[in-house]
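Accompanying notes for the structure given below.
The values are calculated or read from the model by the stated rules, or taken from the named source; none is laboratory data. Please read these numbers as outputs of a predicted model, since none were measured by experiment. Every residue, glycine as well, gets a Cβ built from its backbone with ideal geometry; the counts of neighbours run over all protein chains shown.
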Amino acid sequence: MIDNLPMIVVGALFVMGLYGIMFKRNIIKIAIAVSVVESSTNLFLIVLGYRTGGSIPVYTLAGEFKKMVLPTPQALTLTAIVIGLATTALLLSLIMLLYKHYKTLDVYEIRRLRG
Amino acid sequence: MSWQVHLPALILTIPLLGAFVSIALTKPRLRNFWFTFILAATAVLAFLLWRRVGAYGTLIYVMGGQSWNFTLPSGMAFPIRIIMEVDAFGAFMVLTGAISALASGLFSIRFLDRVHDGNKFVSLFLLLLTAMLGLEVTGDLFNFFVFLEIASVASYGLIAFWRDTPEAIEASFKYTVLSTFVALLFLVGVGILYGVYGTLNMAAIAKNIQVGFLEKVALVLFIASMAMKCGAVPLHMWEPDAYGQAPAGIPCFLVVVGQASLYGMFRIAFSIYGQAFHGSVLAWIIVVFGLLSMFIGVVMAVIQKEAKRLMAYHCISQTGYMLMGIGLGLLALSSPQAMSEFGFTAMKGGIFHIINNAMYKGLLFLTAGSLFYATGTTDLNKLGGLSRNMPYTTAMFAVAAAAIAGLPPFNGFVSKLLIYESSFVVHPFLAVVAMVTSILTLASFVKVFQSGFLGPSKENMTTIREVPLTMIIGMSVLCLMILALSLMPNWALSNLVEPAARDLVNQASYIQAVMGSGLQ
Amino acid sequence: MTIGTIYTGFGYWNVYAWVMFFALGALIVLCIRSTGRNDYEKGTYQDEVFYGGNPVPQDGQDLAVPASSSYWGFTKAIASFYDLLVGVHTGILSDYMGLLIATAAVISLLILL
Amino acid sequence: MDMKPMSIVVRTICNIFAWFVVVFGAYVIIHGHLSPGGGFQGGAIVATFVALLLVAHGGKRFMEWLRSDILTVFECVGLIAFICIGFLGLRTTYLYNFLALKGGLFGSPVPLGPNAGVLNSAGTIAFANMAVGIEVVGGLSTIIVFMFLGMRHVIESNKGVKKNDR
């Protein structure tokens with residue numbers, strides 16, 4: 001049970017982010033919710049590679065250790081973080097432009113394209 | 001060892017280099033020359049890649065390895081480096097994408113005269129090209145995710161390129177949120193498969209896969225995310241917004257980018273899961289996606305009055321044909337008898353429809369773009385009587401509209417015929433829906449033709465002139481491809497389509513190419 | 001590289017068959033056309049535009065049907081269907097997200113069970 | 001965020017300590033092949049230098065200091081360098097590590113097991129880290145500067161950008 005605790009955190013974060021995207025009306029909150037979902041995914045990858053009592057997967061100044069955590073999920077997470085940074089920056093820029101054009105941050109009013 | 005073994009890497013790095021260099025090119029002439037050069041070079045490389053796959057079978061390439069085919073170093077059970085793997089289906093998609101990108105790029109050049117930061121446009125375009133080709137040549141799931149995200153980020157930028165139009169920003173924002181979320185779902189799926197099998201290579205996973213609960217969860221995530229990215233109904237809502245608001249030359253290219261996600265879906269369904277996934281649920285899900293996309297896409301298209309938005313709805317509808325054709329192939333995957341009876345024909349139809357759709361839908365988007373270039377609007381209520389002023393555009397529109405409506409003898413007819421006849425065997429209802437869709441497609445393009453090109457000239461449309469030469473060249477690339485595919489469907493089917501369909505079905509050869517070379 | 005025949009498993013298609021079929025169709029059209037009246041003359045009432053009995057507008061633009069009026073009967077006949085369909089395309093991001101989640105849920109129900 | 005500079009205290013602290021941020025970022029970039037971190041992380045640290053200057057000294061003075069194309073040059077040089085490092089290995093495969101274990105620059109072997117770290121190792125990976133670092137400095141700084149400009153635009157004027165797009 002205690003080993004699955006990180007997974008529960010992942011699930012909770014994911015659901016919270018999903019709730020934010022679906023039910024929040026402010027688009028800045030939606031952007032934050034997207035970031036929360038991103039964090040939950042990153043946490044999921046890190047948890048996948050974790051082994052109890054493992055050390056960091058680099059040899060430099062590692063000291064004595066018996067086993068390492070898996071390095072690949074951490075590499076994946078780094079890449080996902082970089083991508084998430086790009087997406088978040090773009091999302092916020094788009095929100096700035098949207099506010100300039102529409103004078104509102106309400107997602108229910110940003111709907112000129114429909115039908 | 002010929003230099004051509006490096007083709008799977010070169011086809012990614014040449015457009016990538018082009019993208020990075022073009023940021024620095026602020027002189028318009030130099031930038032245009034560089035853009036055209038890179039696009040042409042990519043098209044040539046894509047052709048060489050396709051020919052090499054035809055000659056040598058599935059190509060592999062180990063990025064940074066001691067040798068290009070050294071997939072399993074020192075007796076390991078799994079490949080550890082990033083491996084590019086191009087089979088005939090991938091090469092077919094690469095060729096389609098490169099031709100479409102060439103036409104779209106040539107068309108876009110004159111539009112760049114109107115903006116002050118055209119080098120950013122060129123850079124994003126080439127980045128999107130790289131990402132699309134990367135999706136189609138990669139043999140690694142995480143790498144697929146990375147290219148998916150690069151493609152998404154580049155297309156957000158391109159869709160919102162007219163940043164002083166509110167609608168473009170709105171379309172880009174919606175697409176960004178949906179697509180980011182969906183890509184994260186895909187990443188969770190990748191994580192699950194990595195957690196179970198400890199590898200990210202598609203062939204290695206396919207070799208070891210035993211479909212249990214976790215694999216099914218991953219499959220759900222993959223299918224949902226890819227269905228959204230390729231615009232299957234009911235996840236299609238972003239597509240008319242995005243295609244309708246993107247700059248004129250771009251939707252033509254976004255069509256093939258969407259098809260790259262379609263490729264991802266089929267690669268996962270056929271090459272990773274394949275026969276390990278028992279039952280026909282997955283195939284029926286894809287077929288139902290196809291049916292819904294076909295019908296609802298075209299029904300929504302009939303009532304649109306903005307040309308690019310109408311064409312975007314048609315794009316959804318045509319995606320439905322591909323989903324249905326290849327989904328029927330998946331339905332027949334586990335029984336050789338069904339495969340020879342209808343499955344292979346349906347897959348041929350679906351795959352032939354991919355290249356056909358890229359060509360004629362691209363051409364339609366380009367003609368809508370040239371309408372916009374000449375008149376400043378694509379609202380069909382404001383257009384009228386342009387056939388006298390723009391003869392080339394009108395002719396090419398007529399060719400493309402006839403092809404998409406499936407009128408004989410154009411290429412659209414051939415692929416649709418294959419889909420009709422094979423789907424009729426499974427259930428007549430499928431064929432009926434496909435035919436009704438085809439009729440409604442014809443109806444809505446008659447509407448565009450009538451209100452855009454025929455009739456008396458409107459007052460403000462009398463001084464309109466034909467678009468510049470490079471735009472006509474861009475359009476005629478696609479037009480010539482349509483005519484060639486129409487005149488030689490037999491050649492195209494046996495040389496382009498059949499190897500692709502055969503490689504897609506043959507999961508063993510996909511695994512063999514990576515896992516079989518063993519110790520060296 | 002030749003113009004060949006495509007077999008679908010049930011039938012075939014090639015350009016020659018299509019040309020023959022087209023010629024046959026053209027012949028039938030010609031036959032029907034030849035049964036028309038031959039007392040047509042220019043400059044008489046037969047030359048005038050028939051505009052539903054109404055006076056014909058002088059300006060050609062008023063004759064053109066705007067795109068939003070095309071297929072008016074078709075859309076009117078299934079208006080309830082269209083109302084439903086257009087109603088789904090709300091343009092609100094949250095609804096799109098809800099559809100995505102709902103579809104994913106349906107797929108997972110089908111695949112997992 | 002404002003166009004005006006902040007108080008003298010903030011500016012002095014920024015003037016003294018902002019440079020250490022750059023040094024630390026360069027350290028993270030150069031030790032990318034030895035420690036957790038690398039090009040992106042180090043580049044992000046260096047880009048906070050730009051953010052610090054922007055916040056402490058205000059947009060007006062910062063924009064006077066900033067050569068408009070320097071960030072583009074950073075981006076371009078970093079990305080092209082990365083691609084070219086890949087091309088240099090094309091004799092065997094793309095991105096092949098042709099410098100590792102050959103002696104010379106970044107060519108020393110690394111002992112197996114826990115060690116103090118050999119900076120002069122890892123071959124092309126070290127160069128790739130530096131290229132990525134340069135690129136990220138340019139890219140993130142561009143993001144910061146452009147978002148600052150855009151935000152100012154939204155707040156101060158509602159006239160919209162110049163109609164040069166179409």
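Values as computed for the structure displayed
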quantity: When residues of segment B:237-256 are limited to those that are closer than 20 Å to B:Ser293 by Cβ and not hydrophobic (A, V, I, L, M, F, W, C), the one surrounded by the fewest Cβ atoms within 10 Å (Cβ to Cβ); calculated: B:Gly244
quantity: Per-region count, segment B:468-493, residues over 24 Å from B:Ala402 (Cβ atoms) and free of Cβ contacts under 8 Å to residues at least 60 places away in the same chain; calculated: 1
quantity: Residue within segment A:13-21 that is under 23 Å from A:Met96 (Cα atoms), within 14 Å of chain D (Cβ to nearest Cβ) and under 17 Å from the mean Cα position of the chain (by Cα) present; calculated: no
quantity: Members of segment D:88-118 that are within 11 Å of another protein chain (Cβ to nearest Cβ) and either closer than 16 Å to D:Gly42 by Cα or outside any loop (DSSP other than H, G, I, E, B) (or both); calculated: D:Gly89, D:Leu90, D:Arg91, D:Asn115
quantity: Complete set of residues in segment D:29-47 that are without any contact (Cβ under 8 Å) to a residue 40 or more places away in the chain and away from chain A (no Cβ under 13 Å); calculated: D:Ile45
quantity: Residue in segment A:65-86 that is farthest from B:Phe186 (Cα to Cα), counting only those that are facing chain B (nearest Cβ under 10 Å) and polar (S, T, N, Q); calculated: A:Thr72
quantity: Count of residues meeting criterion [assigned to a loop (DSSP other than H, G, I, E, B) and closer than 14 Å to C:Trp18 by Cβ] in segment B:394-419; calculated: 5
quantity: Among the candidates B:Thr26, B:Thr71, residue that is part of a loop (DSSP other than H, G, I, E, B), surrounded by fewer than 17 Cβ atoms within 10 Å (Cβ to Cβ) and either among the basic types (Lys, Arg) or within 14 Å of chain D (Cβ to nearest Cβ) (or both); calculated: B:Thr26
quantity: Helices (runs of 4 or more DSSP H) completely within segment B:426-520 that count 3 or more residues being within 29 Å of C:Phe10 (Cβ to Cβ) and modelled with pLDDT of 85 or more; calculated: B:428-452, B:469-487, B:498-505
quantity: Subset of segment B:388-405 [at pLDDT 85 or above and within 14 Å of another protein chain (Cβ to nearest Cβ)]; calculated: B:Ala402
quantity: Count - residues of segment B:110-146 that are among the hydrophobic types (A, V, I, L, M, F, W, C), more than 20 Å from B:Ile23 (Cβ to Cβ) and within 14 Å of chain A (Cβ to nearest Cβ); calculated: 5
quantity: Residue among C:Ser94, C:Ser70 that alone is without any contact (Cβ under 8 Å) to a residue 40 or more places away in the chain, in contact with a helix residue (DSSP H, G or I) (Cβ under 8 Å, 6 or more places away or on another chain), of a type in the set (Gly, Ala, Ser) and closer than 30 Å to B:Val182 by Cα; calculated: C:Ser94
quantity: Residue check, B:Tyr243 closer than 30 Å to B:His314 by Cα, among the hydroxyl-bearing types (Ser, Thr, Tyr), touching a residue at least 12 places away in the same chain (Cβ under 8 Å) and out of contact with any Lys or Arg (no Cβ under 9 Å at 6 or more places or on another chain); calculated: no
quantity: Test: residue in segment B:368-378 that is assigned to a helix (DSSP H, G or I), within 21 Å of the chain's Cα centre (by Cα) and more than 29 Å from B:Phe424 (Cβ to Cβ); calculated: yes
quantity: From D:Gly103, D:Gly78, residue being modelled with pLDDT of 85 or more and either surrounded by fewer than 18 Cβ atoms within 10 Å (Cβ to Cβ) or not basic (Lys, Arg) (or both); calculated: D:Gly78
quantity: Helices (runs of 4 or more DSSP H) within segment C:1-112 that include 2 or more residues closer than 30 Å to B:Ser494 by Cα, modelled with pLDDT under 85 and facing another protein chain (nearest Cβ under 9 Å); calculated: C:15-34
quantity: Cross-chain or 6+ apart pairs with Cβ under 8 Å, segment B:356-385 first and among the β-branched types (Val, Ile, Thr), then assigned to a loop (DSSP other than H, G, I, E, B); calculated: B:Thr375/B:Lys382; B:Thr375/B:Leu383; B:Thr375/B:Leu386; B:Thr375/B:Ile464; B:Thr377/B:Leu383
quantity: Segment D:54-69 - residue that is out of contact with any Leu (no Cβ under 9 Å at 6 or more places or on another chain) and without any contact (Cβ under 8 Å) to a residue 40 or more places away in the chain and, of those, surrounded by the most Cβ atoms within 10 Å (Cβ to Cβ); calculated: D:Asp69
quantity: Elements of type helices (runs of 4 or more DSSP H) contained in segment B:163-236, each with 2 or more residues being within 9 Å of chain A (Cβ to nearest Cβ) and buried (at least 24 other Cβ atoms within 10 Å of the Cβ); calculated: B:166-197
quantity: Criterion violated by B:Leu333 - all others in (1) among the aliphatic types (A, V, I, L, M); (2) part of a helix (DSSP H, G or I); (3) under 30 Å from B:Phe277 (Cβ atoms) satisfied; calculated: (2)
